[in-house]
Amino acid sequence: AAIEKGGYDHFMLKEIFEQPITIADSLRGRLMANEAQIILSGIDDIKDKLMAARRVIIVACGTSWHAGLVAEYVIEELCRINVEVEYASEFRYRNPIIDSDDVIFAISQSGETADTLVALERAKEQGATIFGIVNVVGSSIARISHAGCYTHAGPEIGVASTKAYTAQLAVLMMIALKVAKDKGTISEERFGNLCHELNQIPEKVQWVLDNEVDNIKAIAYKYKDAHDMLFLGRGYNFPTALEGALKLKEISYIHAEGYPAAEMKHGPIALVDDQLPVVFIASKDAYHEKIVSNIQEIKARKGMVISVVSEGDEITPNISNDVMRVPNVDEVIAPLLTVVPLQLLSYYIGVYRGLDVDKPRNLAKSVTVE
Ligand code: G6P
């Protein structure tokens, strides 16, 4: 087993560190950044459907659902197609309105999650087109899809998803960029820039792994005995807040909640005192000053603030107790990068608490029963 882990203490850590390679594997042969071109034959197979689609419905569970939420922001922004993101378990039972103009994106690492599979079977019966974004080749969800795109992250052993998530994001970003180009909803220049940014993600993730691990370990040690944690972000960083909270819960058993940063005023702010660590996903984006003022609101109530910040940001570190840095990146692509420090934070907190991070209690890698 030690050999399988490639010298790492746990599969989860190995899989976090593999991400520069697995993201590159997802992009390889598909994203031609130099020629500003994206080749996805699965998307070509349903091109007419997608061009005419009234909406895209994304169906998934768990971490894959968070990838869907990122896709909602990216696809609506770049492609101007209405996107709805559904928990498969709710979608399958609520008699949803589906017709033959709808394209369903199914996101699943295993391709075997029971709720997702049944939700897709129902939607297919009602005439929807199913597009699978799946990691496991030949899995049930891959087989019932009309078309699809594998994520190519390789086998994921750690129960908490890490490299499969970033591979899902890489594929979803390529899909959004390709559809936007085909529809003409993105300028040539923006398309070229985003292709270039996406292509640079593997080396930017590597930068985090090379430069931030010792710092994140120290932060993990400092906060390992917390009882609760709040994760806040806005816009493209909001789904990352949810994913950061989910990772922490799964691995450390610390109660954690993710929230849109501005929405905290409608509830979570009541929890803030000098015992509550609040993690802000505060990388540079169009609304950066808004997140800065949210941080100030937490500081004014004596909360402890841990921020994920862009390199070169001189304001956020001054108002935070601790910071985890990431390289600069376009806000659309940022979810691929800002999640990495959060994966590491959860991992090290779990390890410092003496827990079995690869097999957290009560959780299954793939939930194949209801
Ligand atoms: C379980 C796993 C999660 C995963 C979720 C959805 O809860 O522990 O890591 O995100 O299932 O699984 P799927 O294989 O459909 O992506």
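The values are calculated or read from the model by the stated rules, or taken from the named source; none is laboratory data. These figures come from a predicted structure and were not determined experimentally. Glycine also receives a Cβ, built like all others from the backbone with ideal geometry; neighbour counts cover every protein chain displayed.
Observations on the structure shown:
- Test set (1) free of Cβ contacts under 8 Å to residues at least 24 places away in the same chain; (2) more than 20 Å from the chain's Cα centre (by Cα) - MET51 fails condition number: (1)
Residue-by-condition table, conditions (1) farther than 28 Å from SER110 by Cα; (2) of a type in the set (Ser, Thr, Tyr):
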| site | (1), (2) |
| --- | --- |
| SER187 | yes, yes |
| ASN211 | yes, no |
| ILE216 | yes, no |
| GLU243 | no, no |
| ALA262 | yes, no |
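- Checked against the criterion of being within 12 Å of the chain's Cα centre (by Cα), among the aliphatic types (A, V, I, L, M), crowded, with 23+ Cβ neighbours inside 10 Å and within 15 Å of the ligand (Cβ to nearest atom), the stretch 355-363 has no qualifying residue.
- Of residues in the stretch 278-303 being free of Cβ contacts under 8 Å to residues at least 40 places away in the same chain and of a type in the set (D, E, K, R), the one surrounded by the fewest Cβ atoms within 10 Å (Cβ to Cβ): GLU289
- Considering the stretch 79-97, and only residues there that are within 22 Å of CYS149 (Cβ to Cβ) and more than 18 Å from the chain's Cα centre (by Cα), the residue that is nearest to the ligand (Cβ to nearest atom) turns out to be PHE91.
- When the stretch 86-104 is filtered for residues that are of a type outside the set (D, E, K, R), under 22 Å from VAL367 (Cα atoms) and in a loop (DSSP other than H, G, I, E, B), only TYR93 remains.
- Residues of the stretch 333-354 that turn out to be among the small types (Gly, Ala, Ser) and assigned to a loop (DSSP other than H, G, I, E, B), as a count: 2
- Residue in the stretch 137-158 that is nearest to the ligand (Cβ to nearest atom), counting only those that are of a type in the set (A, V, I, L, M) and in contact with a helix residue (DSSP H, G or I) (Cβ under 7 Å, 6 or more places away or on another chain): ILE141
- Pairs linking a residue in the stretch 98-123 that is within 16 Å of the ligand (Cβ to nearest atom) to a residue that is of a type in the set (Val, Ile, Thr) and part of a loop (DSSP other than H, G, I, E, B), with Cβ atoms under 6 Å and 6 or more positions apart or on different chains, are SER110/VAL136; GLY111/VAL136; GLU112/THR368; THR113/VAL367; ALA114/THR368; ALA114/VAL369; ALA123/ILE98.
- Of all the criteria given as (1) surrounded by fewer than 16 Cβ atoms within 10 Å (Cβ to Cβ); (2) touching a Ser or Thr at 6+ places or on another chain (Cβ under 9 Å); (3) modelled with pLDDT of 95 or more, the one not satisfied by ILE104 is (1).
- Selected residue (criterion: farthest from the ligand (Cβ to nearest atom)) from residues of the stretch 251-277 that are assigned to a helix (DSSP H, G or I) and surrounded by 22 or more Cβ atoms within 10 Å (Cβ to Cβ): ALA261
- Unique residue being closer than 22 Å to ALA241 by Cα, of a type in the set (Ser, Thr, Tyr) and at pLDDT 95 or above when the list is SER26, SER64: SER64
- Each residue in the stretch 309-320 was checked for being in a loop (DSSP other than H, G, I, E, B) and of a type in the set (A, V, I, L, M), and 1 of them qualify.
- Cβ-Cβ distances below 6 Å connect the following pairs, each with a first residue in the stretch 58-82 that is farther than 19 Å from LYS47 by Cβ and among the polar types (S, T, N, Q), a second residue that is modelled with pLDDT of 95 or more and near the ligand (Cβ under 10 Å from one of its atoms), and a separation of six or more residues or different chains: THR63/SER161; THR63/TYR165; SER64/ILE107; SER64/SER108.
- Exactly one residue among ALA176, ALA218 is within 21 Å of PHE131 (Cβ to Cβ) and of a type outside the set (Phe, Trp, Tyr), and that residue is ALA176.
- Only a single item in (1) touching a strand residue (DSSP E or B) at 6+ places or on another chain (Cβ under 9 Å); (2) within 15 Å of the ligand (Cβ to nearest atom); (3) over 22 Å from SER145 (Cβ atoms) is not met by GLU15, and it is number (1).
To keep it simple, each residue is scored yes or no on (1) at pLDDT below 95; (2) in a loop (DSSP other than H, G, I, E, B); (3) among the β-branched types (Val, Ile, Thr).
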site: VAL279; (1), (2), (3): no, no, yes
site: ILE295; (1), (2), (3): no, no, yes
site: ILE298; (1), (2), (3): no, no, yes
site: SER307; (1), (2), (3): no, no, no
site: ARG325; (1), (2), (3): no, no, no
site: GLU331; (1), (2), (3): no, yes, no
site: ASP356; (1), (2), (3): yes, yes, no
